Amino acid sequence: MIKTTFTRRSILATGSGLALALALTACGGNVAGTSPAADASKFPAGPVTLTIGADPGGSTDLIGRALAENASGPLGAPIPVVNKPGANGALATKEVGAAKADGQTLVILNASLFAITPLAVSAGETVKIEDYEVITGISQDDYVLVSNASSGMKTMDDLTKAGKKFNFATTGVGTGSQLAQALLFKQAKIDGTDVPFDGGSPAMTALLGNQVDLATIQLAEAMPQIKAGKLNPIVVFSKERNQYLPDTPTAVEAGYDVPVSQFRAVAAPKGTPEAVVTKLRESFKKAFESEPYKAFNKQNLFTPAEIDGDQVAKDWSANAAKYKELTTKYGVDLGSGK
Amino acid sequence: MDFLAPVINGFGVVLEPMNLLYCLIGVVIGMLIGVLPGLGPAATIAILLPLTYGVEPVTAIIMLSGIFYGAQYGGTITSVLLRLPGEASSVVTVFDGFALARQGRAGTALGIAAIGSFFGGTVAIIGLTLLAPIVAGFALDFGPPEYTALAMLGILLVATVSNGSKLKSIIAASLGLLLATVGRDTFTGEARFTFDNLSLADGLDFVPIAMGIFGLGEILYNLEERHNKVQAPAKVANVWPSRKDLKESSGAIGRGSLLGFFLGILPGGGATIASLAAYAMEKKRAKNPERFGRGAVEGVAAPESANNAAATSSFIPLLTLGIPANATMAIIFGALLIQGVTPGPQLVQNDPELFWGVVNSMYIGNILLLIMSIPLVGVFVKILRVRAAILAPITVLITLIGVYTINNSIFDIWLVIVFGLLGYLMKKFGFEPGPLVLAFVLGSLLEENLRRSLLVFGGDAAGFVTRPISGILLLVFVVVMLLPLLQKAFRKVRTTAPAVEARHHEKEKV
C-alpha cells in the first residue's frame with residue numbers, strides 16, 4: 001500500500017515540472033519513512049497535511065490556515081494546507097477518513113456536514129462523526145438573522161406582528177442558515193418562503209438590494225453592514241449571546257427552540273494511535289494559546305470552542321439527533337434529496 | 001477641490017517605495033499565474049495571504065489586487081497561443097486570438113490584447129475614481145430576475161458569436177446547458193446526474209471543460225491534420241500591431257471598456273457576460289461579420305478590454321458596499337479583515353488613504369503591466385516556433401498539471417481527457433466548441449436565478465416584465481431575436497430604395 005503510493009508519486013513527479021517534482025518526491029520520501037508500522041514515537045514523520053474541504057478564502061479555509069501556521073512550530077513539522085472543495089466538504093472529509101491512520105493527514109470538520117446536511121441530501125453523500133478521531137474542537141461561528149434597515153423590522157415581535165409573508169434568503173440547501181430560519185419561522189408561525197443562494201455573500205447582497213425580506217448569514221459577513229446601520233440584527237442562533245453582538249438576543253431567549261451554530265473541529269482518521277492524537281492535541285492547544293491566533297479569532301469574530309475531541313463527537317451526535325427531532329416535530333423539510 | 005485632495009493623497013501613498021515594490025511584485029506574480037493554465041488568482045492570493053500579515057494594510061491590498069488584474073493580462077497569452085482559456089471571461093478571446101496566431105500574427109493579437117487590457121483597465125479605474133459611490137447602488141438593483149434576463153440575453157448572444165451552421169451551434173449550446181444541470185440541485189439537495197459520485201456533487205467545473213474542449217481537443221485534431229498535410233510551424237511576423245490594426249481595433253477597445261466597466265460591477269458572472277457581449281456587439285457592428293472567428297483584431301480587442309475593465313470595476317462593490325463580487329474579491333475581503341480594516345459602506349470615509357491608495361495603485365500597476373507585456377510578447381510568441389511534436393505533449397502536460405492544482409483532484413484530470421475527446425470529435429464533425437462552453441457557464445446562472453425569481457415572486461412570472469431593469473433587458477432580448485427578420489425586411493426595402501441609414505440606426509440599438 002505504502003509502496004504503491006510511493007511509486008505512483010515518483011512516476012508523476014518525474015514527469016512533471018521541476019518545482020512540482022521536488023515537492024512530490026519530498027512527499028513520497030516521507031510516506032516511505034513511516035513504514036513499516038505507524039510508530040507514535042517517530043511522529044511527526046515529515047509534513048502533516050491539513051485538508052480543507054472548501055475553496056481558498058472562506059471561513060473554513062482561513063481557520064485552517066491560521067491553525068496550521070501556529071501549530072506547526074509546537075508540532076515540530078510543517079503543516080501544509082491542501083484545499084479539496086466539493087460536496088460541502090464531504091469529498092475531502094471522506095477522503096481523509098479513508099487515509100492511513102498515522103496522524104500525517106488531518107481534516108477540518110464542519111459540524112453542519114454531520115448534523116444538518118444529512119437532512120437535505122441522500123445517505124450516500126453523508127459522513128458520520130464516528131468514523132473520525134476528533135483531535136479538538138476549534139471555534140464557533142454564529143448565524144444572525146438580519147433585515148434590511150429600511151424595512152424597520154428590528155425584533156421578533158415586529159416580524160410576528162407584521163402579519164405578512166416573508167421571503168427569506170438562506171446560504172444554501174442543507175446549511176445552518178436554512179435550518180435555523182425554517183425552524184424559527186415554523187415555531188413563530190410566520191409565513192415564509194425559503195430562497196436559497198450560493199453562500200453568504202450573494203444572500204446578503206440580495207437583502208441589501210431589497211430582493212428578499214430577511215436573511216440568515218454568518219456574523220463576520222453581516223457585521224460590517226450591521227455597524228454601518230444598513231442591516232438590523234434580529235436574533236442570533238447561538239445558545240448564549242454572542243460576545244461581538246452583546247445587545248442582540250438569542251432565538252432561545254426570544255422563546256424559540258432553535259440553537260444552531262457552525263462548529264469546527266480538526267480530526268484524523270479513525271484508529272490513529274492514542275500517543276499521536278495526544279501529541280497533536282498538545283500542539284493545537286499551544287496554537288490556541290498563541291497571541292496571533294487569538295487576534296485572528298477576534299478579527300474574524302469567531303468564538304473559541306476549543307472543546308476536547310471526545311466531547312466534540314458527543315456534542316455533534318447529540319445535535320444531529322436534536323435537529324432531526326425538531327424537523328420532524330415541526331414538519332420542516334430541508335430538501336427532497338434525502 | 002475637496003474631492004481631489006484625498007485622490008492626490010492616494011498617489012502619495014502609492015509612490016512610497018515600499019508600495020511601488022509590492023505593486024510590481026503583485027503584477028509580476030499575477031502575470032505568471034495567468035500564463036500557467038489552472039492556478040487562478042483566487043487560489044494564489046489565498047496562498048500568499050500570510051505573506052501580507054507583516055505589512056501595512058494598504059501595501060498588502062496593493063499587492064493582492066496587482067495579482068488579480070495581472071492575471072487578466074497573463075490569461076490572454078495562453079488563450080491566443082495555445083487555445084487554453086484559463087477563465088470563463090477569456091473564452092471568446094480564443095476564437096480570433098488563436099486564428100490570428102495560426103496566421104503568424106500572434107504578436108498582433110497579444111499586442112492588441114495588452115493595449116486593450118491597459119485601456120479597459122484605465123477606463124475602469126477612472127470610472128472607479130469618479131463614479132464608484134454612484135454606480136455602486138446599481139449592483140444592488142440587480143436581483144434574481146435581472147440576472148435571469150441577463151443570462152437569457154447571454155445565451156441568445158452565444159448563437160451569434162459562432163460561425164458555421166446555426167443548427168450545429170444550437171446543438172452544441174444545448175449540450176452545454178445540459179452539462180450545467182449536473183450536480184446537487186441547489187434548491188432541493190437532489191442529486192442530478194451524479195451517478196453517486198461525490199466529485200460530481202458540486203457539478204462540473206468550468207476549467208476542465210474549457211481546457212479539454214479547446215486545449216486538448218485542438219491538439220488531438222492537429223495531430224490528425226498533420227498526417228494529412230505537413231504543416232509548417234506558424235511563421236511569426238509583425239510582433240507589433242500595425243497602425244492599421246490599432247485603427248481597426250480602437251473603436252472596439254473603447255466600446256468594450258465601457259461595457260466591461262458597467263457589467264463588471266454586477267456580482268457573479270459580470271466579466272464573462274461583459275466579454276461575450278463585447279464580442280457579439282463588435283460582430284454585429286462589423287461590415288463583414290464573417291471575418292470574426294477567422295482572425296479579426298476587433299475580436300481580440302473588444303473582449304480583452306471588456307474583461308479587464310470588468311476585473312477592475314468588480315472592486316467597486318467591495319470597496320464601497322462591502323460586497324465581494326467574485327471569489328477573488330471574497331479573499332481580498334478576508335485579507336482586509338485580517339488587517340483590521342472592515343470593508344463596507346464606511347471604508348471611503350474611515351480609511352481614505354487605503355481606498356485611494358489601492359485605487360491609484362491600479363493606474364501604476366496597469367502601466368507596469370503594459371511596459372512588461374509589450375516586450376514579453378516577442379518572447380512568448382517564440383513558443384509557436386517550437387515544433388508541434390514537442391509543443392503538443394508539453395502543452396498537454398501543463399494543462400493536466402494546471403487542472404490538478406485547482407482542486408487537487410485527479411477526477412478533474414479525467415474530465416479534461418473526456419472533454420478533450422469530445423472537443424476533438426466536435427471539431428472533426430464541424431461543431432463549434434464555443435457555444436457549448438459559453439452555454440455551460442450561462443446555464444447554471446439562468447437556472448438558479450429563474451427558480452430564485454419565481455420563489456421571490458411567489459410563482460407569478462409577470463414580475464419579470466414589471467421590474468424596470470429586467471423588463472428592459474427582456475425587451476433587448478426580443479429585439480435581438482427579431483433583428484435578423486427586421487434586417488431581411490429592410491434588405492427588401494433597400495432593393496427599391498436605399499435605406500442604409502435606417503438599417504444602421506437599427507443596429508445601434510443593440
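Only Lys, Arg, Asp and Glu count, each charged at its Cβ (+1, +1, -1, -1), so figure out the dipole size of the protein assembly as shown about its Cα centre, rounded to 20 debye. For this selection, approximately 3040 debye. Amide H to amide H distances under 5 Å link A:Asn83 with A:Ile52, where only residues 5 or more positions off or on other chains count and H is placed in the peptide plane. Where only DSSP H runs of four or more residues are counted, chain A gives -13000 deg cm²/dmol as its mean residue ellipticity at 222 nm, each run worth -39500 (n - 2.57). Here the Karplus relation 6.51 cos²θ - 1.76 cosθ + 1.60, evaluated at θ = phi - 60°, turns the backbone of the range A:155-169 into coupling constants of 9, 4, 4, 4, 5, 5, 7, 4, x, 10, 8, 10, 9, 10, 7 Hz, with x for every Gly and Pro.
For the pair A:Glu274 and B:Ile126, label points projected 7 Å from Cα toward Cβ lie 7.3 nm apart. Give me the Kirkwood hydrodynamic radius of the range B:331-386, using the inverse of the mean 1/r over all pairs of distinct Cα atoms, in Å to one decimal. Across the range B:331-386, the inverse of the average 1/r is 14.1 Å.
From helices alone, chain B scores -24000 deg cm²/dmol at 222 nm; the rule is -39500 (n - 2.57) for each run of n ≥ 4 DSSP H residues, then divide by the residue total.
Under a model in which nothing but the beta-carbon of Lys, Arg (+1) and Asp, Glu (-1) is charged, the range B:60-218 shows a dipole of about 580 debye around its Cα centre. The amide H of A:Ile135, built 1.01 Å from its N in the peptide plane, has A:Val266, A:Ala267, A:Ala268 as neighbours under 5 Å, considering only residues 5 or more places off or on other chains. If the segment from B:Arg102 to B:Lys428 were pulled out straight at 0.36 nm per residue, it would be longer than the present Cα-Cα gap by 115.6 nm.
Give the calculated FRET efficiency between B:Val493 and B:Arg294 to the nearest 0.05, with a Förster radius of 30 Å applied to their Cβ-Cβ distance. Given R0 = 30 Å and the Cβ-Cβ separation, E is 0.50. Among A:Thr93, A:Thr160, A:Thr136, the largest mean-square fluctuation in a Gaussian network model of chain A, built with springs joining Cα atoms closer than 10 Å, belongs to A:Thr160. Farthest towards the positive end of the charge dipole of the protein assembly as shown, among the residues A:Thr105, B:Tyr279, B:Gly40, is the Cα of B:Tyr279, using unit charges on the Cβ of Lys, Arg, Asp and Glu.
For the range A:106-112, putting each phi into the Karplus relation 6.51 cos²θ - 1.76 cosθ + 1.60 with θ = phi - 60° gives couplings of 10, 9, 8, 9, 9, 4, 4 Hz, in residue order, rounded to whole numbers and with x for Gly and Pro. Return the whole-Å distance between the Cα centroid of the range A:78-107 and the Cα centroid of the range B:290-364. Using only Cα atoms to place each centre, the spacing works out to 33 Å. The label point for B:Trp414 and the one for A:Ala295, both projected 7 Å from the Cα toward the Cβ, are 4.6 nm apart. Fewest neighbouring Cβ atoms within 10 Å first, the residues A:Phe288, B:Phe429 line up as B:Phe429, A:Phe288.
Scanning residues 5 or more positions from B:Val182 or on other chains, those with amide H under 5 Å from its amide H are B:Leu204, with H placed 1.01 Å from N in the peptide plane.
The stretch between B:Ile171 and B:Val478, if pulled fully straight at 0.36 nm per residue, gains 108.4 nm over its current Cα-Cα span. Kindly identify the range A:280-325 as rounded, prolate or oblate by the Cα gyration tensor criterion: order the square roots of the eigenvalues as a ≥ b ≥ c, call it rounded if a/c is under 1.5, otherwise compare a/b with b/c, prolate if a/b is larger, else oblate. Oblate, because a/c is 1.5 or more while a/b does not exceed b/c.
Where both partners of a DSSP beta bridge lie in the protein assembly as shown, what percent of those bridges are antiparallel, to the nearest 5?
Antiparallel: roughly 65 percent of the beta bridges in the protein assembly as shown.
Dividing the convex hull volume of the alpha carbon atoms of the range B:1-64 by its residue count gives 92 Å³ per residue. Bridges between two residues of chain A, per DSSP, are antiparallel at a rate of about 65%. Each of B:Trp414, B:Trp356 was scored by other Cβ atoms within 10 Å of its Cβ. Listed from fewest to most, they are B:Trp414, B:Trp356. Beyond 36 Å, how much of the Cα-Cα pair distribution for the protein assembly as shown remains, as a whole percent? Tail of P(r) above 36 Å: 47 percent of Cα pairs. Across the range B:304-322, the residues whose backbone nitrogen lies under 12 Å from the label position 7 Å along the beta-carbon direction of B:Phe138 are B:310, B:313-314, B:316-317. Based on the alpha-carbon gyration tensor of the range A:229-338 and its eigenvalue square roots a ≥ b ≥ c, which shape applies: rounded if a/c is under 1.5, prolate if not and a/b is larger than b/c, or oblate? Oblate is the answer for the range A:229-338, as a/c is 1.5 or above yet b/c matches or exceeds a/b.
Comparing mean-square fluctuations of A:Leu219, A:Leu326, A:Leu113 from a GNM of chain A with C-alpha springs under 10 Å, the top value falls on A:Leu326. In order along the range B:283-298, phi translates into HN-Hα couplings of 5, 5, 6, 4, 5, 10, x, 5, 5, 5, x, 10, x, 8, 5, 4 Hz, rounded to whole numbers, per the Karplus curve 6.51 cos²θ - 1.76 cosθ + 1.60 with θ = phi - 60° and x for Gly and Pro.
For the range A:160-204 versus the range B:260-289, the inter-centroid distance based on Cα atoms is 35 Å.
Computed over chain B, the range of Cα coordinates on each principal axis works out to 60, 58, 58 Å, biggest value leading. Of B:Arg243, B:Arg294, the sequence from fewest to most neighbouring Cβ atoms within 10 angstrom is B:Arg243, B:Arg294.
We did not get these values from a lab; they are worked out from the coordinates using the rules stated. Worth saying up front: this structure is predicted, and the values here are computed from it rather than measured. Methodologically, a virtual Cβ is constructed for each residue, glycine included, from the backbone with ideal geometry; neighbour enumeration extends over all protein chains shown.
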